[in-house]
Amino acid sequence: MALLEVNNVSKVFGGLSAVTNLKMKLEAGELVGLIGPNGAGKTTVFNLLTGVYQTTTGDILFDGKNIAGKKPSAINQMGIARTFQNIRLFSDLTVLDNVRIAYHSHVAYKLPAALFRSGRFYAEEDQMAERAVKLLKIFNLDGKKDEIAKNLPYGEQRRLEIARALATEPKFLLLDEPAAGMNPQETAELMNLIRWIRDHFNLTILLIEHDMSLVMGCCERIYVLEYGRVIAQGDPENVKHNPKVIEAYLGEEVTYA
Amino acid sequence: MKRLLTRQNMIITAALLVVYIIVQVLLSTGIISAFYETNLILGGIGIIMAVSLNLITGFAGQFTLGHAGFMAIGAYFSAVMTVKWGMPFILSLLGGACLAAVMGFLIGLPTLRLKGDYLAIATLGMGEVIRVVLLNTKYVGGAAGLFGIPRITNWTWIFVCSVVTVLCIRNLLWSSYGRACISVREDEVAAEIMGVDITHYKVLAFVVGAFFAGLGGALYSHYYYFIQPGGFGFMKSIEYLVMVVLGGMGSITGSVMAAIVLTVINVFLQQYSAIRMILYALLLIIIMIFRPEGLMGSKEFSTAMFRRFERRDDRGSAGGQ
Ligand SMILES: Nc1ncnc2c1ncn2[C@@H]1O[C@H](COP(=O)(O)OP(=O)(O)OP(=O)(O)O)[C@@H](O)[C@H]1O
Ligand SMILES: [Mg+2]
């Protein structure tokens, strides 16, 4: 059974059909790219998959369960996590708190334990802080755990967003332009890191990226979206020679790595 | 247990005990007059009200203008329990607080779906509805008020209840539950995506806040012999909001200090009660202009501050969206 099945999903805003008849299928463990020109509907797909928007028609099955009508928090608890194209950290809180908040669904102690500071409360809080630091270490942020998130440099904020998403312990991770605003070297490092966390955490990843070359080098399979429709899909080799894709990106600088 | 015996906790406990004993001695020897005792009691109630309001408004980010409504419920219900049903004070205190919490739940569930100004207006309406219902309820004396409530609230009760309130709300906030509430204030969408059921935590903050406001109300009615619906109007809510804003949204110690400062100011303005509210309004405007983050911002006052003054981070515009 596929981990994610998107069946004929459409999303209409007023008169505008941002996503039309979308079909997608992701198997567990895949690293898949979602590309397309500006305004193609990529972020809208993420918003549909995470419950920020409700579909106009069609349905989305995750792990065999329909996510229609579920709140974003419930969908996250089913195992879908994401980052945002425009960084949305808890910007006035510390790096550590950003990650600890994301662990919240896995906290077992109850309110009275917190109010009366039981031994269990301390044990779990310690364990949580330990895990958070371990996670931050992967992103080279453990040294900055007490800094306020908004004071981090841009690239680190992007990495913190991924760390925070991972703290929810997802099966499926959605990354919306994770390398936006990074220099080529940072980008290359990040792509390696993304592959590494996929293997290390046994994740399935769907990745939006603007830079074609980057997706080509990183993803195993690609969906190309234009005006809300999938115009091509398949492995990178296939996609980059597809005439429709070349046309869609015409005028944009396309360089293949 | 060992975790509770930190240096800071021991210093605070010792300081609290000293304050309690000194005031108790001064009261029993009559050095603190009845006039100042009244203000001491009001200050303690102010702490309870401000800290509980800060939980809702400063930490969970839900701007409410109806906090005095919950106080009214606690004040009236506890008084009814004591006067009409002959219950012991401790049960009346809990009863008043619990009924306020239940009302917080019933009112919070529908209204907390609203945001910003809409929530403010809805809670304002809620406070007024509570007042008008009391005004028209014969059983509790209507506009004339409820008489014959025994004076039981004293320094000891106030001291214990304020400490318990501050401790409970602090412990709540410095836990996964509190962090979830704060994440709702920071960014509702990001919080939801991180698995935080935002409605759940808004309601939690509202219910706990209402509980302690009800406790404050119960202490209030058992100090004053008699209560009237007019005493719990919109201006009362504003009074506590001023404390929260002055102390700093998101600072418990800030609220405690602001409650004390404003109570002291009130003592000096006793003869000029008419200009008191004008002064409050002016104070609010001045804070907004010169120090919008309040005395403490979102920082906490701690014994660590004596050793090392932490750099204050500017609370600028929120970063991303
Ligand atoms: N909430 C909304 N209300 C109305 N229109 C919307 C909304 N969200 C997205 N759209 C529209 O849907 C279309 C797709 O937007 P979307 O953000 O999904 O594109 P994208 O592929 O992520 O683009 P980019 O590469 O610029 O991020 C755009 O025309 C956009 O204006
Ligand atoms: Mg986008």
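In region B:116-132 there is at least one residue matching the filter, namely being open to solvent by less than 10 Å² (accessible area, probe 1.4 Å) and among the hydroxyl-bearing types (S, T, Y).
Taking the criterion of being more than 9 Å from ligand 1 (Cβ to nearest atom), open to solvent by 10 Å² or more (accessible area, probe 1.4 Å) and either under 12 Å from A:G228 (Cα atoms) or within 14 Å of chain B (Cβ to nearest Cβ) (or both), the residues of region A:9-18 that qualify are A:S10, A:V12. Among the residues making up region A:41-74, those that are under 20 Å from A:T168 (Cα atoms), of a type outside the set (F, W, Y) and within 16 Å of ligand 1 (Cβ to nearest atom) are A:N47, A:L48, A:L49, A:T50, A:G51, A:V52, A:P72.
Would you check if there is a residue in region B:149-162 being of a type in the set (K, R) and away from chain A (no Cβ under 11 Å)? Yes: one or more hits. If the condition is being open to solvent by 10 Å² or more (accessible area, probe 1.4 Å) and within 8 Å of ligand 1 (Cβ to nearest atom), then region A:19-40 contributes A:P37, A:N38, A:G39. Mind listing just one residue for me: the one in region A:80-121 that is surrounded by fewer than 16 Cβ atoms within 10 Å (Cβ to Cβ) and within 7 Å of chain B (Cβ to nearest Cβ) and, of those, nearest to A:L141 (Cα to Cα)? Among those that are surrounded by fewer than 16 Cβ atoms within 10 Å (Cβ to Cβ) and within 7 Å of chain B (Cβ to nearest Cβ), it is A:N86. All of (1) charged (D, E, K, R); (2) facing another protein chain (nearest Cβ under 9 Å); (3) open to solvent by 30 Å² or more (accessible area, probe 1.4 Å); (4) touching a strand residue (DSSP E or B) at 6+ places or on another chain (Cβ under 8 Å) hold for A:K171 with one exception: (2).
Only residues that are in contact with a Leu (Cβ under 7 Å, 6 or more places away or on another chain), within 14 Å of ligand 1 (Cβ to nearest atom) and of a type in the set (S, T, Y) were counted in region A:200-250, giving 1. Summed over region A:64-79, the residues that are in contact with a strand residue (DSSP E or B) (Cβ under 8 Å, 6 or more places away or on another chain) and more than 9 Å from chain B (Cβ to nearest Cβ) give a count of 5.
Here is a list: B:V83, B:V102. Which entry is surrounded by fewer than 20 Cβ atoms within 10 Å (Cβ to Cβ) and in contact with a strand residue (DSSP E or B) (Cβ under 9 Å, 6 or more places away or on another chain)?
Working: B:V102 fails: in contact with a strand residue (DSSP E or B) (Cβ under 9 Å, 6 or more places away or on another chain).
Result of the check over B:V83, B:V102: B:V83.
When we screen B:Y280, B:Y220, B:Y240, B:Y225 for residues that are farther than 26 Å from B:G96 by Cα, of a type in the set (F, W, Y) and away from chain A (no Cβ under 14 Å), the only hit is B:Y280. For the list (1) surrounded by 19 or more Cβ atoms within 10 Å (Cβ to Cβ); (2) not in a helix (DSSP H, G or I), I need the number of the one condition that A:M191 fails. Here A:M191 clears every test but (2).
Evaluating A:G29 against the criteria (1) more than 14 Å from ligand 2 (Cβ to nearest atom); (2) touching a Phe, Trp or Tyr at 6+ places or on another chain (Cβ under 6 Å) leaves one unmet condition, (2). Against the numbered list (1) farther than 16 Å from B:A75 by Cβ; (2) more than 14 Å from chain A (Cβ to nearest Cβ), B:V203 comes up short only at (2). Scanning region A:225-248 for residues that are within 16 Å of ligand 2 (Cβ to nearest atom) and in a loop (DSSP other than H, G, I, E, B) returns A:Y227, A:G228. Condition check: in contact (Cβ under 8 Å) with a residue 40 or more places away in the chain and touching a Cys at 6+ places or on another chain (Cβ under 9 Å). Does B:F105 satisfy that? It is false that B:F105 is in contact (Cβ under 8 Å) with a residue 40 or more places away in the chain and touching a Cys at 6+ places or on another chain (Cβ under 9 Å). Residue pairs whose Cβ atoms lie under 6 Å apart, separated by 6 or more positions or on different chains, with the first residue in region A:40-51 and more than 14 Å from chain B (Cβ to nearest Cβ) and more than 17 Å from B:E192 (Cα to Cα) and the second of a type in the set (S, T, N, Q) and more than 7 Å from ligand 1 (Cβ to nearest atom), do not occur. Do you know which residues across region A:154-188 are within 16 Å of ligand 2 (Cβ to nearest atom) and in a helix (DSSP H, G or I)? Once the filter is applied, which keeps residues that are within 16 Å of ligand 2 (Cβ to nearest atom) and in a helix (DSSP H, G or I), region A:154-188 yields A:R158, A:E161.
Listed by first and then second residue, the pairs linking a residue in region B:182-198 that is within 7 Å of chain A (Cβ to nearest Cβ) to a residue that is open to solvent by 30 Å² or more (accessible area, probe 1.4 Å) and not charged (D, E, K, R), with Cβ atoms under 7 Å apart and 6 or more places separating them unless they lie on different chains, are B:V189/A:V52; B:G195/A:Q77; B:G195/A:S105. Here region B:217-230 is the region considered, the condition is being over 14 Å from the mean Cα position of the chain (by Cα) and farther than 18 Å from B:Y139 by Cβ, and the residue that is surrounded by the most Cβ atoms within 10 Å (Cβ to Cβ) is B:H222. Examine region A:211-224 for a residue that is part of a loop (DSSP other than H, G, I, E, B), open to solvent by 10 Å² or more (accessible area, probe 1.4 Å), within 16 Å of ligand 2 (Cβ to nearest atom) and touching a helix residue (DSSP H, G or I) at 6+ places or on another chain (Cβ under 8 Å), and state whether such a residue exists. Yes, region A:211-224 contains at least one residue that is part of a loop (DSSP other than H, G, I, E, B), open to solvent by 10 Å² or more (accessible area, probe 1.4 Å), within 16 Å of ligand 2 (Cβ to nearest atom) and touching a helix residue (DSSP H, G or I) at 6+ places or on another chain (Cβ under 8 Å).
None of B:M249, B:M235 is at negative phi, in contact (Cβ under 8 Å) with a residue 12 or more places away in the chain and either within 13 Å of chain A (Cβ to nearest Cβ) or open to solvent by less than 20 Å² (accessible area, probe 1.4 Å) (or both) except B:M249.
Residues that are hydrophobic (A, V, I, L, M, F, W, C) and closer than 24 Å to A:L115 by Cα number at least 1 in the following helices (runs of 4 or more DSSP H) confined to region B:75-187: B:89-111, B:155-173, B:176-186. The lone criterion from (1) buried (at least 21 other Cβ atoms within 10 Å of the Cβ); (2) under 21 Å from A:D211 (Cβ atoms) left unmet by A:A163 is number (2).
The values are calculated or read from the model by the stated rules, or taken from the named source; none is laboratory data. If you're wondering where the values come from, they're calculated on a predicted model, not measured in any experiment. All Cβ positions, even for glycine, are placed from backbone atoms using ideal geometry, and neighbour counts span all protein chains on display. Accessible surface areas use protein heavy atoms only, side chains included; no ligands, DNA or RNA. Shrake-Rupley method; radii C 1.70, N 1.55, O 1.52, S 1.80 Å.
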